[in-house]
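Notes follow the structure.
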Amino acid sequence: MITSEFNTLMIARLICIGLLLCPVLVAQTSENNPRLKAALKIYPAADADKDGVLTLAEAMAYKVKRTGQTDQEHAQATPAPVGGERQVYKQVGDTRLSLYVYKPAGHKADAKTPAIVFFHGGAWKAGNPSQFERQCKYFASRGMVAVTAQYRLTSQNQVKVEDCIEDAKSAMRWVRGHAAELGVDPDRIASGGGSAGGHLGACVSVIDEFDAKTDDLNVSAKPNVMVLFNPALALARDPRMSEIYLARIKADMDAKNLRGPREKVSPLTYASSKQAPCIMFFGTDDSLLEGAELYRTNSVKAGNSCRIVTYVDQGHGFFNLGKYYDLTLAEADKFLVSLGWLPAK
C-alpha cells in the first residue's frame, strides 16, 4: 500500500489487470472496464476533466503525477541507501535483514542522542530502505542517529503481514539493544515510516503480539515517539467507515497475505491504549486519511497526544515529492523540537 510504491502497485494493478480482462484495447473507460470503475471509486481525483468517467489515459497520468515515476522508472528505482552504516539486525533462515545507520558528524558512543527508525512503504510487498535515505541524512545533520530498515516482503519471502510487524519490532529492539555502542539514548527512540511502513511504525507502539522467537523480549520494541507519513492505520471494518474507505483497505491488503484476522494487524484496534506522542502527515486527497482520523479520535479520547498535519490536494505517497519533502520534514523537525529532542533552529 501505501507510499509512492503503493500508488504504483495499486493503480497499475487496477489498470493492467483490467487490460487483461477486457478484450477491447481502445477507448477503455470506467464505463466499460470494471478495474477502471473501481479505480475511479477509490481515486476520484484521477478524473482530470471531472466528467465522471475515468479513461485509461487519465488513470496513467494520475499515477505518474502522484508517484513521480513511470512503470519503468519505478521498477528501476531500487538502490540501497547511500551513506549509512549497514548492520544486519536479524537472520531468518537464509534471509539476512539489514538496517542502515546515519550518525551526526563527529558522533561518539557516549553521546546519548535521540534516534529514529524508519520503515519504507510498498504494500508490505515492495519498496526498500532507500525511501527514507534523505530523511535519515537530514536528521543526522540535526544531531540524531537515524536508521532506515529492511524487512521481509510478502512478495519475495513467502511471509505474511504479521511477519513484517515481527521484523519491525526486531529492528526497534536491535537499535535499543545497541544504544550504548550507537551513542543513542534508549529512552528517546522514535518509530517512523510511510504508508505500509507507517503502519509498521504504529504497530511497534501499540501491538504486543508478533514477537520473534530470537528477540530478547526484555528489550522493549515500543517507540517513545511516532513520526508517520500517510500511514495505514485502520485495516479492519469499523461502523464509522465509508464504503469508499472499505473498498480501499480491501484492495490494499489481500487476505491471502494475512495469517489471522485483519483486526489483529490494524492499529485502530489498539488506538485507545496508552501510547507514545504521534504526528502524522497526509494529503487531503488520500482516502487513507479517513482511517487515520478514526485512529486519532480514539487515541486522543484515551488521553494520548496524536496530531495530523494535512496538505491540500495531495494524494498518497506525496511526502517525498517536490516541496512536500521539505514541508513535512520541517513539521517533523518542529515536533521533535517541541519535545526537547532537537535544538531549536
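In vacuum, with every alpha carbon of the chain counted as one equal point scatterer, what does the Debye formula give for log10 I(q)/I(0) at q = 0.07, 0.09 Å⁻¹? Two decimals, please. Debye output, listed in q order: -0.27, -0.45.
May I ask you to order 334-342, 133-141 by the average number of other C-beta atoms within 10 Å around their residues, highest value first? List each step's numbers first, then the result.
Details: 334-342: 16.7, 133-141: 20.7.
Ranked by mean Cβ neighbours within 10 Å, highest first: 133-141, 334-342.
Between their Cα atoms, which of 274/301; 103/274; 301/345; 274/345; 125/256; 103/323 are more than 21 Å away from each other?
Numbers: 274/301 11 Å; 103/274 30 Å; 301/345 33 Å; 274/345 31 Å; 125/256 12 Å; 103/323 25 Å.
The pairs that break the limit, which is 21 Å between Cα atoms, are 103/274; 301/345; 274/345; 103/323.
Build a GNM of the chain with springs between Cα atoms under 10 Å apart, and of 332, 115, 57 the one that fluctuates most is 57. Provide the FRET efficiency to the nearest 0.05 for the residue 308-residue 250 pair, computing r from the beta carbons and using R0 = 22 Å. With a Förster radius of 22 Å, E is 0.40. Return one number: the angle in degrees, 0 to 90 and rounded to the nearest 10, between the long axis of the Cα atoms of helix 323-338 and the longest principal axis of the Cα atoms of the chain. Once rounded, one gets 40 degrees.
Treating the Cα atoms of region 204-270 as identical point scatterers in vacuum, please give the log10 of the normalised Debye intensity I(q)/I(0) at q = 0.25, 0.26, 0.27 Å⁻¹, two decimals. After summing over all Cα pairs, the log10 values are -1.22, -1.26, -1.30.
All of the numbers you see were taken from the coordinates with simple rules; none came from a lab. Remember, it's a predicted structure, so these values are computed and weren't measured experimentally. All Cβ positions, glycine included, derive from the backbone under ideal geometry; neighbour counts span all protein chains shown.
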